[in-house]
1. Limited to the stretch B:148-194, what total is found for residues that are assigned to a helix (DSSP H, G or I) and either open to solvent by less than 50 Å² (accessible area, probe 1.4 Å) or of a type in the set (A, V, I, L, M, F, W, C) (or both)?
2. Among the residues of the stretch A:113-133, count how many are under 22 Å from A:T179 (Cβ atoms), away from the ligand (no atom under 14 Å from the Cβ) and of a type outside the set (V, I, T).
3. Surrounded by fewer than 20 Cβ atoms within 10 Å (Cβ to Cβ), within 14 Å of chain A (Cβ to nearest Cβ) and modelled with pLDDT of 95 or more, is that true of B:N68?
4. Can you pull out the residues in the stretch A:139-150 that are within 14 Å of the ligand (Cβ to nearest atom) and either in a loop (DSSP other than H, G, I, E, B) or open to solvent by 60 Å² or more (accessible area, probe 1.4 Å) (or both)?
5. Residues being outside any loop (DSSP other than H, G, I, E, B) and farther than 22 Å from B:V478 by Cα: count how many of those fall in the stretch B:532-567.
6. Check A:D60, A:D136 and return the single one that is within 16 Å of the ligand (Cβ to nearest atom) and acidic (D, E).
7. Evaluate the stretch B:195-205: report whether one residue or more is more than 30 Å from B:A324 (Cβ to Cβ), in contact with a Leu (Cβ under 9 Å, 6 or more places away or on another chain) and open to solvent by 50 Å² or more (accessible area, probe 1.4 Å).
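The values are calculated or read from the model by the stated rules, or taken from the named source; none is laboratory data. This structure is a prediction, so every number in the text was calculated from the model and none was measured. Here the Cβ is made from the backbone with ideal geometry for all residues, glycine too, and neighbour counts use every protein chain on show. To get the accessible areas, we keep the full protein, side chains included, count just its heavy atoms, and leave off ligands, DNA and RNA. Shrake-Rupley method; radii C 1.70, N 1.55, O 1.52, S 1.80 Å.
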Amino acid sequence: MADTAKNAQPSAADGQTRRDFLLQAASTVGVVGTGIALWPFVHSMNPAADTLALSTTDVDLSAIKPGQAITVVWRGAPVFVRSRTAEEIASAQAVNLSELRDPQSDAIRVKNPQWLIVVGICTHLGCVPLGQKPTDPRGEWGGWFCPCHGSQYDTSGRIRKGPAPKNLAVPAYQFTSDTTVRIG
Amino acid sequence: MSGFKSNNAVVNWVEDRLPVFSMLRHSAVEYPTPKNLNYWWNFGSLAAFTLVILIATGLFLAMNYTPNSALAFDSVERIMRDVNYGWLLRYLHSNGASMFFILVYIHIFRGLYYGSYKAPRELLWFIGIAIYLTMMATGFLGYVLPWGQMSFWGATVITNLFSAFPLIGDSIVTLLWGGFSVDNPTLNRFFALHFLLPFVILGLVALHVWALHSVKSNNPLGIEMNGPQDAIPFHPYYTVKDLFGIGVFLMIYMAFVFWAPNFFGEPDNYIPANPMLTPPHIVPEWYYLPFYAILRAFTVDLWFIPAKLLGVVAMFGAILILFALPWLDSSKVRSATFRPLYRQFFWLFVINAFVLGYCGAKPTTDFLVTVSQIATAYYFAHFLIVLPWLSRKEKTLPLPASISAPVVKAIAVGAMLLIGATGFSGTAQANTATHELLKPEGGFSWGGVFGRYDRAALKRGWQVYHEVCSNCHGVKLVAFRNLAAVGLTPEEIKAIAAEKEVLDGPNDEGAMFQRPARPADRILSPYANDKAAAAIHGGAVPPDLSLIVKARANGPNYVYSLLLGYPDAPPADVAIPEGKMYNTYFPGYAIGMPRQVFDDVVTYADGTKATQEQIAKDVVTFLNWAAEPELEARKSLGVKVMVFLALLTALLFALKRQIWKDVH
Ligand code: FES
């Protein structure tokens, strides 16, 4: 080393700093490397490429009469497709937004007022709400009623009562013809 | 534990209730270790490190694997293709198993050379053998899980070993199978056991270390430590040395993972299990080969004992005899350094083990059977005759008074690893066609350290597959969406997919229906099922091509040669059955597929001249991509990992030198 002032005990002091430096450098590199090496393990638990690719479902609407609803499977979860009656549409549109916990107008929740398409998973803790079958309870607002903890949704799938924080989610979808829709 | 006090109140609080810190200090920091251990003493810690990697990768693989005989093979391929970094986890796991065995074999031979099995270390040795036996079982069970041809037939052969035992043999085999052949119940239980046994190994390793810490390490001189002048604390001296060893080892291990991931495997295992057809030459995993040779060495009955039973008993006996070693070798001197005769017999024994391994890897011939018989006889003679005789007769050299006196030089660590890696690698190919394979001009683009697929060739290869091969063959592990990697745009992919009809349903009326394929669908064979394909093709089913390149030895050149291997005038002396073609490179020469590759059988979209060589080269490029879509990601990640490991290992080496510079 060029440090002439410390020539008295060069080897011990030099060795010590050199050793400390190597220890720090090796530990840093080792720890960073181990950290990076964990990523493939963690990432392997994320959805795989084939899972991500299975993201569209085609639905034939021609057989659903007004007032009826069907449940289709999209990405392993239920999606509610409901053909709304004129009264249901009217009641969904007539709501004063300030009354809502999660204010959203009906217009931004549908592409065609007749068809309400929402993910059939209660935003509270993930149960499937009732209301698809004519015999099911639909709650005070005529939409869906979640049996798990009593959340109630209206005819636009908006949360009106109970513990759920948000409206039923609207998935991405497009009408591919007058009677078919592609979800995802 | 003796007066442990820390400045940290939390540490003290825990210590008073559960003395983990003093235990750690006692056994991982202060633990007195002979100061003369050479690099052969690194292999124990390396093996433990590898065991951790195997358990970790195995756990994450198990999250994506399906232990069902109908789904297992495809679930492994899904791991290779669709699961994020799945190929990395699987290759780390499969190569890790081979590494584990290499390390443990070196560790065992180290023990044999330096007499580490002698008093007071007999129990330490026994636990080690128990670990080895459990590893053998675990490795075998794991090899069955991918449910390829070698998995299936390996499972069949190994489980049938138990049928050799008189009276109860057949019942044992039925019990192991859970049926009347290796089938789904077998796969289920093998998976469960394969998950369990590594934890048994982990427990045994804990016992092994505990026993070690009671009797302390042996050392190259084989004499006990006399006092503090012979010992150094485990930390930092051996922690840094072990870490440096891990760095070197990781570089070797990763070289296999990233550039030769199937080196230790068999191409046949990329063919799905077929209970109706045994491959022409089956071999177990390389680590069983010496014992497999012993099994096959017994070909004649002895009095009333059938040869089959003799082979099985000898095979198990070859391992169990290690338990008697501390008594068979009663020499008071441990280390071969001071046993000139034993040292020579030790190396003879090592060579003999390699000879057995070689015999186990090759198809049986009269000559090799004779060699196996001699080698098997020598294997047992080493234990039963040579060692007892040496113990009595050998003139050993005078032992040094203490460890501090001489210094024993280490031999290069890498040498044995390489011998282990190359010596045992068995190639199970039994191609009856002996013609040398053709190679395309300029070679294939994806070889070498940095190799990548030639994009233009890949796209042309897809065109050839699409226009020619796909009339009979599917590539069912490839989805249309994957063709983005070939260079097709999303619109092109949609259009290509829509050309094909796939079965879907049931619809609301409960009926199955055909619909145009979508990008997420797979590229299936044009036939509804194998029976339909066989009916059209005179009994032969055109194989799925997804893995064809990987499922053949020297796959790219083999497929290339096969496509061009239709001579205008087949040799007159080879009889080809009705309905078959002559192919120079096909095993047995009689192939069902007529020649498909001719000049200009396709017109390339990019204007390349479509000679038959060009077409064959392009389609092999596509098929290699279909088999190894991860190749480019693998090699480029490999380069980064290697640069990182080189840096880490260099730092550890320098640190080790600093720490050790005042010892000796
Ligand atoms: S999950 Fe629906 S109310 Fe709790």
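1. 29
2. Of the residues in the stretch A:113-133, 5 are under 22 Å from A:T179 (Cβ atoms), away from the ligand (no atom under 14 Å from the Cβ) and of a type outside the set (V, I, T).
3. No, not satisfied.
4. Start the filter on the stretch A:139-150 by keeping residues that are within 14 Å of the ligand (Cβ to nearest atom), which leaves A:139, A:143-150.
Passing the criteria: A:G139, A:C146, A:P147, A:C148, A:H149, A:G150.
5. Within the stretch B:532-567, residues that are outside any loop (DSSP other than H, G, I, E, B) and farther than 22 Å from B:V478 by Cα number 6.
6. From the options A:D60, A:D136, the qualifying one is A:D136.
7. First, the residues of the stretch B:195-205 that are more than 30 Å from B:A324 (Cβ to Cβ): B:195.
Filter once more, so that each one left must be in contact with a Leu (Cβ under 9 Å, 6 or more places away or on another chain): B:195.
Imposing the further condition that a residue be open to solvent by 50 Å² or more (accessible area, probe 1.4 Å) reduces the set to B:195.
Yes: one or more hits.
Listed here are the residues, each with its yes/no results for (1) away from chain A (no Cβ under 14 Å); (2) part of a helix (DSSP H, G or I); (3) surrounded by fewer than 17 Cβ atoms within 10 Å (Cβ to Cβ); (4) without any contact (Cβ under 8 Å) to a residue 40 or more places away in the chain.
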| position | (1), (2), (3), (4) |
| --- | --- |
| B:F598 | yes, no, yes, yes |
| B:E613 | yes, yes, yes, no |
| B:A616 | yes, yes, no, no |
| B:L648 | no, yes, no, no |
